[in-house]
Every structure is written in C-alpha cells, then in structure tokens.
Amino acid sequence: MELVIYPTDEETTVKQGVQTSPPSASATARRARAVVVALAVLMAAAISVSLLLGRYPIAPGEAASMLANLVVPQAPTWTEQQATLFFNVRLPRVLLALMVGCCLAVAGAAYQGTFQNPLVSPDILGASQGAAFGAAVAILLGLGSVGVSLLAFAMALFTVLLVLLISARAKGNHMMVVVLAGVMVSSLFQAGVSYAKLVADPTDELADITYWLMGSLTGAKMSEVATVFPIMLLGCGTLFALRWRINILTMGDEEAATMGVNARAVRIVVIVAATLITAASVCVTGMIGWVGLVIPHLCRMLVGPDYRRLIPASMLMGATFLLVVDDIARLATTAEIPIGILTAFVGAPFFLFLITRKKKL
Amino acid sequence: MRMALEKKLRRAGALLAAAALALCLAVGAGGCAGGGDADAGGAAVAAGAAAEQDAGAAAADGAGGASADAGTYEFTDDLGRTVTLPTTIEAICPSGFTAQQVLLTIAPEKMVGLAQELNAEQLKIFGEAFADYPAFGAVLGAKDDLNREAVAAAAPQVIIDTGEAKKGAKEDLDALQEQLGIPVVFIEAKLSDYGAAYERLGEMLGVQERGAELAAYCRDAYQTTEDAMAGIPADQRVKMAYLLGENGLNAIAKTSFQGAVMDMVADNVVMVDDVSGKGNGNEISLEQIALWNPELIIFQSGSIYNTVGDDPAWAGIAAIDSGNYYQVPNDPYCWMNNPPTVNQLMGLQWLPRLLYPDAFDDSIEDVTRAYYQTMYRYDLSDQELADLLQDAVRK
C-alpha cells in the first residue's frame with residue numbers, strides 16, 4: 001500500500017549511520033535553511049513582478065507610488081481608473097493567489113505527513129468535493145457569490161467532520177479507514193455535484209458550476225481576502241507551530257509515544273488546521289488541484305523530508321507557484337484560463353515523473 | 001557514494017524547480033507582451049471612442065460651461081439597480097454570449113470587445129473587423145472567465161448584460177461594477193418582447209432610431225406568428241421533434257427553456273419527466289422516437305440530417321419515410337436555440353412557415369431576407385439565401 005517515493009527519516013538515519021562524515025546532518029540543515037531563504041527571495045521577486053504585470057496599462061512607477069501612497073501621501077500621477085483597477089482587481093488577486101497557494105501546499109504537506117502517504121492531497125478527506133457540492137447547491141439556489149462561498153466553506157467542514165465521525169466508528173487500521181471514508185464520502189458528493197449539473201440551467205448556472213469546479217482567482221475581491229485571511233493565518237500558524245511534531249507523526253504512534261508526543265491529539269489538531277485552510281481556500285477560488293500534492297514533493301527534493309524545513313518551504317513555494325501560474329491565467333489571453341486547468345497541466349506530468357522515477361530507486 | 005548521488009539528485013531537483021518557475025515567469029511575461037500587440041486594435045477603438053468623448057465634452061463646455069456632472073444621469077436597469085451612466089455612450093462591452101448577440105444587432109460600432117470570438121461565418125455577417133477584437137470571456141456569477149483587467153483596458157463606458165433576470169444577479173453585477181469602476185447594467189430580453197429590450201438599449205446608447213426599428217420589427221414578427229397560430233387549433237398542429245447530437249438521439253423536450261419557439265407553433269412529441277434546459281436537451285432512445293412517431297423532424301446542424309435517410313435503423317419513422325425532415329440553419333447563429341436569444345426570432349418566423357405554409361402571406365425566403373437585413377444589416381445574395389435554406393424548406 002505504502003509507496004515510498006522519497007527517503008523516509010529512518011532510511012536517511014541509516015544512511016547517515018553508514019556514512020563516516022558526522023557534520024553532514026548539520027550541513028544538510030544549513031543548506032535547507034538557505035533554500036528556504038532563497039524561496040522567500042524568489043517569492044518577493046514574483047510578487048513585485050506580478051503587481052507590475054497586467055492587461056490594464058499601469059506603469060511600474062505609478063504602481064509603486066500608488067502603493068507608497070498608502071503609507072506616505074504622494075502626488076497622484078495615476079488616474080482614478082488605474083487606482084480602482086490596481087486596488088480592486090490586481091492587488092486582491094495577487095494576495096489571494098499567494099494565500100491560497102501557501103495554504104493548499106502546506107495543507108498537502110501536513111496531510112501527507114499525518115497519513116504517512118505521499119499520494120495524499122488536501123482534498124483527501126472530502127473537503128473539496130463537499131465544498132463543490134455546497135457551491136453547486138448555492139448556485140442553483142441563486143445565492144450570489146457570497147452565499148456560494150459561505151455554503152462551500154460550511155459544506156467542506158461538514159464533509160470532513162462526517163468522514164472523521166464515520167472513521168471513528170470503524171474498526172481496523174485507523175489511518176486507512178479515514179482515507180477510505182474520505183474517498184467514499186467524496187464520491188457521494190461528487191454524484192451530488194453531477195446531479196446539480198444535470199438540473200442546472202445551461203445558459204448560466206451550468207457554466208457557473210463548471211467554472212467553479214475548474215477553479216479560478218478571476219473574481220478575487222479585497223473583501224474575500226480580508227474574510228479568509230484570519231482563518232488561513234490561524235491554520236497556517238498552527239501547522240507551522242506543530243511542524244516538529246508532524247515529523248514525529250511520520251515515525252508512527254509508538255515511536256511518538258516514547259518521545260512524549262500524543263500522536264492522536266497532534267493528528268487531530270493537524271487535520272483540523274489543514275482542513276480549515278483547505279476549506280477557506282476552496283470556498284473563494286473553487287477547486288484548484290495538484291498544488292497540494294506537487295509542491296510538497298518538490299520541496300522534499302529541495303530541503304529533504306524534515307518537516308521543520310518542509311513546512312516553511314511548502315508555504316513559500318506554494319504561494320510563489322500559484323502566483324506565477326495565475327499570472328499566466330490572467331495574462332496569456334484576453335479571456336481567462338481557469339487556473340485549475342493550468343495547475344493540472346503542471347501537476348499531471350510531474351506526477352508521472354514521480355511514478356517513473358520510483359522504478360529506478 | 002550514495003550520499004553524493006542523493007545530493008546531486010536534490011541539486012538537480014532544485015535546478016529543475018527553479019527552471020520551471022523561471023519558465024513560467026518568462027511565459028507569463030511573453031503572454032503579456034504578445035497580448036499587448038493583439039490588443040492594439042481594441043485599444044485603438046477605445047482611444048477613438050475616448051477622443052470622441054472629449055470632443056463631446058468640449059462642445060458641451062463651449063455651449064454653456066456645463067459642470068462635469070452634466071455628462072451623466074441616473075439609469076434604473078431591469079434589476080431595479082440605479083446606475084450612473086454617461087449621457088453619451090460610445091464604447092460598450094457585452095457581459096456574455098447572449099448580450100453579445102443582442103449588441104451585435106443594435107450597436108456593433110460601439111463594441112470595444114467580445115465575450116467570445118466570432119467564427120468565419122459570423123465574421124462574414126458582422127464584418128471582418130471583429131476578427132481583431134479582443135474576447136474577454138463572460139460574466140456568470142460565482143465564477144467565470146471574464147478577464148477584468150482586459151475589459152478595463154478596452155475602456156468601455158458601460159458593460160451590458162441581457163437575458164432573463166436571475167436570482168443573485170443584482171449582487172453579482174454590483175460587485176463587478178464596484179470592482180472595475182465601470183457601470184454594469186442589466187436589460188431584460190425575452191422572446192415575447194425583445195422590442196422592449198431594443199427600445200431601452202436604443203435610449204441608453206443614443207441610437208433611438210435603430211432601437212425603434214428593431215423593436216418594431218421584433219414585435220411585428222412575433223405578432224404575425226401569434227396571429228397565424230391563433231387560427232390553428234392545438235389538435236391540428238404538426239407533431240414534430242427537434243433532434244440533435246451526433247446520433248440524433250438528443251431532443252429538445254416540450255416545455256424546455258430551449259424549445260420555446262416549438263411550444264408556440266407546434267406539438268412537440270418529446271415529453272419527458274425531467275425536462276432538461278441544457279443546450280443539448282434530453283437523451284432519448286430511437287425506440288422512444290419510433291413510439292412517438294413524429295410527422296416532421298428538424299435536426300440541428302452537425303447532427304445526422306445527411307445520413308438519416310439511408311439509415312435502416314430510422315426507417316419506419318413517419319417523418320423520415322415521408323422525407324419530411326429538415327436541418328436548422330446555423331449561420332450566424334442557430335435559428336432555434338443555442339443560446340436562445342434574439343436568434344430565436346428567426347426560428348419563430350421560419351418554423352411556422354415550414355409547418356403551415358398556407359397560413360402566411362409571405363414565404364420563408366421573404367422573412368429570411370428581411371431578418372438578415374433588419375437585424376444584421378446584411379443583404380443576403382440569392383446564392384447565400386439558397387445555401388442557407390438548402391435543407392430548411394420543403395422540396
């Protein structure tokens with residue numbers, strides 16, 4: 001069942017034991033820290049570039065002075081329309097891309113550690129499908145975009161709760177049961193979404209649901225950014241604080257107990273935090289796949305399997321990745337390309353790469 | 001050794017990731033630059049519109065030093081939203097596919113972009129110039145593919161949505177308007193009274209004459225069909241079916257949103273429990289069609305019209321045996337639906353004349369010419385008319 005694509009801690013430890021160079025562990029740590037710093041720099045660069053790129057002409061100097069104007073009043077060299085576009089369209093979109101990318105990647109990394117399964121992504125417990133069902137129902141009811149987001153968020157949490165309650169009653173390998181229950185409940189809601197699509201009015205509702213399922217940051221508003229930010233901060237903060245304990249989770253419950261960590265409690269907290277940020281992401285952007293699966297793996301290649309470095313690296317790389325992909329989504333054509341499609345274009349080939357690479361090991 | 005190999009692998013991974021990100025950035029920047037060129041046409045149009053606007057404002061100033069506010073007024077749209085609009089509107093943008101069709105008929109010269117690119121046949125009707133127009137995508141509600149910045153860059157003075165009022169539309173249009181700083185209005189347009197929509201649009205866009213012309217045409221066409229149908233009782237209406245799909249096994253069911261024209265003039269034999277409002281209708285079986293046994297069938301373009309006559313599976317169905325089956329013309333838009341908007345008005349005139357030729361004084365050829373002339377300002381040549389109607393009239 002368990003696919004070992006990357007070296008686990010134990011393997012690494014064994015190899016290090018064979019090696020005769022003790023400083024290699026700290027050297028790896030130092031290198032990993034350098035990678036994290038480099039990722040942060042890369043993200044900062046991507047943010048600056050993204051803020052300057054757009055289909056509406058805003059000169060770099062104007063963008064900079066508009067931003068500076070928030071702190072120190074500047075003589076306006078920009079038009080009102082430019083300011084409206086910059087603050088209502090471009091800025092919220094860049095912020096949302098960063099936040100959602102960060103959340104999906106770190107949730108994916110956390111789930112992968114918790115379930116000791118490298119093929120797990122943030123929607124493993126049904127959060128995405130639950131949210132999709134909530135959104136589809138809200139669209140059919142004509143609730144408007146706020147109602148759609150609210151119902152999507154609520155249904156995402158409800159679905160994960162349902163999965164956990166079901167698996168709590170089941171016997172056998174607990175982690176296996178949780179994943180199985182997640183898959184089953186997901187497919188239940190997937191059927192619900194299909195039915196919603198069947199009865200939807202094709203001229204708008206059906207297209208609306210379809211775009212929602214493909215995910216996009218198209219309609220990003222500052223109000224949405226402000227609403228999901230506290231939830232995301234709480235969830236990401238919790239995962240960041242627990243990153244050392246997630247390391248221990250990957251070693252198994254008994255090992256954790258000998259180190260004085262209550263694996264069960266940690267696992268629950270990690271699942272709750274990761275679910276919260278997944279739900280918060282999905283409810284405003286729709287379904288964006290692959291980020292949560294691919295980014296943690298990329299980061300593992302860069303900084304190794306140690307969650308103390310993997311968590312911050314995933315956050316930074318996830319944010320940068322989604323920002324850059326979204327730049328393509330909004331810049332490539334005059335219409336938008338749903339970002340869920342673009343992430344899958346990158347994600348699927350990478351997944352195949354991982355599978356073929358495994359054979360060689 | 002293995003350690004070194006692992007390090008190498010990791011380094012390769014890092015390089016790969018960095019390269020991928022760099023590539024993404026480059027593609028993004030390239031897309032931006034390329035898009036900039038493609039937009040030149042749209043931008044030029046917008047600049048032209050802006051120049052005209054300035055000229056208008058200057059004229060107003062000269063006349064009496066009017067304040068800046070004199071250039072705007074409060075407009076109440078069909079969702080009851082009050083929107084501040086410029087008095088003179090020279091640049092407009094459709095919110096989606098149906099609005100695009102409506103605007104192409106009333107004020108194509110004011111459009112700064114499209115929701116969806118036009119195909120070759122549509123370009124022939126509406127003008128090759130539209131080939132260079134940017135396509136922005138459509139506004140839908142919770143999620144859509146409308147590129148906000150691209151729309152704003154084309155600088156429309158108003159974004160226009162048409163169709164039937166939907167729940168939640170008010171909130172969505174308000175949100176879009178606030179985000180872009182560009183007025184967004186909704187004009188109701190429905191089969192029974194496209195005239196009202198054209199009058200409203202004519203007034204708003206300062207093309208009252210064109211609006212009145214289209215309104216009169218739409219009302220007259222609708223009324224003529226309505227009057228003729230009043231003389232044909234329900235039990236004498238033709239039992240028909242509208243089939244589509246690559247096997248001809250999808251049908252627009254009775255009472256479907258897509259089949260409003262059929263319900264008005266014929267007896268649609270396709271009655272199903274869960275009527276689909278989708279453009280591709282309900283899936284049905286050939287046995288069921290045989291059971292219904294329609295006297296007349298119309299096929300959508302792209303279906304089996306050309307092969308059905310020789311298909312033994314379809315032999316025995318009255319419409320096919322008697323050769324009483326036709327193909328719905330598809331240029332510039334399908335005459336029946338897909339999406340159902342002002343194009344339905346052509347179907348509304350064609351279908352009853354096909355079913356009951358004696359109930360009308362004029363021919364299908366007459367109304368087709370008039371429709372293209374009035375709605376699209378396009379004069380069909382004799383050859384074009386013949387091509388269009390090739391499979392759509394009784395032989």
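Interface residues of the stretch B:124-161, defined as those losing at least 20 Å² of solvent-accessible heavy-atom surface relative to the isolated chain (probe radius 1.4 Å), are listed as B:Ala135, B:Leu140, B:Ala142, B:Lys143, B:Asp144, B:Asp145, B:Asn147, B:Arg148, B:Glu149, B:Ala150, B:Ala152, B:Ala153.
For B:Arg237 and B:Glu128, what is the calculated FRET efficiency with R₀ set at 45 Å and r taken between the beta-carbons, to the nearest 0.05? All intermediate terms of the calculation are to be shown ahead of the outcome.
Numbers: r = 42 Å, r/R0 = 0.94.
About 0.60, to the nearest 0.05.
Note on the protein assembly as shown: with charges restricted to the Cβ of Lys and Arg (+1) and Asp and Glu (-1), its dipole about the Cα centre is near 5640 debye. The packing ranking, built from the mean of other Cβ atoms within 10 Å per residue, places the peptides B:101-113, A:257-269, B:81-93 in the order B:101-113, B:81-93, A:257-269, highest first. Taken as Cα centroids, the stretch A:138-155 and the stretch A:115-131 sit 22 Å apart, rounded to the nearest whole angstrom. Shielding value for B:341-350 is 0, the average number of Cβ atoms from other chains within 10 Å of each residue's Cβ.
Sort B:245-253, A:90-98, A:294-302 for me by packing, meaning the mean count of neighbouring Cβ atoms within 10 Å per residue, highest on top.
A:294-302, A:90-98, B:245-253
Here the stretch B:70-219 has 48 percent of its accessible surface on carbon and sulfur atoms, given a 1.4 Å probe and all protein chains in place.
Over all residues in A:29-38, what is the mean tally of Cβ atoms on other chains that come within 10 Å of each residue's Cβ? Working shown, then result.
On the way: counts 0, 0, 4, 1, 0, 0, 3, 0, 0, 2.
Average per residue, whole number: 1.
For chain A, the relative contact order comes to 30 percent (Cα pairs under 8 Å, sequence separation of at least 6). Interface burial in the stretch B:175-190 reaches 30 Å² or more for B:Ala175, B:Gln179, B:Leu180, comparing the full protein assembly with the chain by itself; accessible area from heavy atoms with a 1.4 Å probe.
When ranked by the protection proxy of mean other Cβ atoms within 10 Å per residue, highest first, what sequence do the peptides A:169-177, A:37-45 form? Mind dumping the intermediate values first?
Working: A:169-177: 11.9, A:37-45: 16.1.
Final packing ranking: A:37-45, A:169-177.
The apolar share of the surface of the stretch B:282-331, taken as the fraction of accessible area on carbon and sulfur atoms (1.4 Å probe, ligands and nucleic acids excluded), comes to 42 percent.
Which value, in square angstrom to the nearest 100, describes the accessible area buried between chains A and B on both sides, using a 1.4 angstrom probe?
On the way: alone 17270 and 19510 Å², together 31770 Å².
Answer for the A-B pair: about 5000 Å² buried.
Working from Cα pairs under 8 Å separated by at least six residues, relative contact order for the stretch A:256-352 is 28 percent. Taking the centroid of alpha carbons for each part, the stretch B:317-336 and the stretch B:256-297 are 14 Å apart.
Could you report the protein assembly as shown's accessible area per residue, 1.4 Å probe, as an integer in Å²? Working shown, then result.
Details: 31770 Å² over 756 residues.
Heavy-atom accessible area per residue stands at 42 Å².
Compute the accessible area of each residue in the stretch B:269-302 twice, once for its chain alone and once with every protein chain present, using a 1.4 Å probe on heavy atoms, and list those whose area falls by at least 30 Å². Buried by 30 Å² or more upon assembly, which counts only protein chains, are B:Lys278. Taking a ≥ b ≥ c as the square roots of the eigenvalues of the alpha carbon gyration tensor, the stretch A:181-288 is oblate, as a/c is not under 1.5 and a/b does not beat b/c. Give me a single rounded figure for A:213-225: the average over its residues of other chain Cβ atoms within 10 Å of their Cβ. Counting other chains' Cβ atoms within 10 Å and averaging over A:213-225 gives 3. In order along the stretch B:147-161, the phi-based Karplus estimate (6.51 cos²θ - 1.76 cosθ + 1.60, θ = phi - 60°) of 3J(HN,Hα) comes to 7, 3, 5, 5, 4, 4, 5, 7, 6, x, 7, 8, 9, 10, 10 Hz; Gly and Pro are listed as x.
Please report, as a whole percent, how much of the solvent-accessible surface of the stretch A:51-182 comes from carbon and sulfur atoms (probe radius 1.4 Å).
On the way: 3500 of 4950 Å².
Its accessible area is 71 percent carbon and sulfur atoms.
Dividing the mean sequence gap of close Cα pairs (under 8 Å, 6+ apart) by how many residues the stretch B:234-389 holds gives a relative contact order of 20 percent.
Based on the alpha-carbon gyration tensor of the stretch B:70-219 and its eigenvalue square roots a ≥ b ≥ c, which shape applies: rounded if a/c is under 1.5, prolate if not and a/b is larger than b/c, or oblate? It would help to have the intermediate numbers written out before the result.
Values: a/c = 1.32, a/b = 1.03, b/c = 1.27.
Note, shape of the stretch B:70-219 comes out rounded.
Rolling a 1.4 Å probe over the protein chains gives A:Asp253 an accessible area of about 70 Å².
Which of rounded, prolate or oblate describes the stretch A:212-361 when judged by the alpha-carbon gyration tensor and an a/c cut-off of 1.5? Write out the running numbers ahead of the final one.
On the way: a/c = 2.59, a/b = 1.41, b/c = 1.83.
Here the stretch A:212-361 falls in the oblate category.
How large is the helix-only mean residue ellipticity at 222 nm for the protein assembly as shown, computed as the sum of -39500 (n - 2.57) over DSSP H runs with n ≥ 4, divided by its residue count, in deg cm²/dmol to the nearest 500?
On the way: 29 runs with 456 residues, N = 756.
Using -39500 (n - 2.57) per qualifying helix, the result is -20000 deg cm²/dmol.
The values are calculated or read from the model by the stated rules, or taken from the named source; none is laboratory data. Quantities reported herein were computed from a predicted structural model and do not represent experimental measurements. Backbone-built Cβ (ideal geometry, glycine too); neighbour counts: all protein chains shown. The area values use the complete protein model at the heavy-atom level, side chains included, leaving out ligands, DNA and RNA. Shrake-Rupley method; radii C 1.70, N 1.55, O 1.52, S 1.80 Å.
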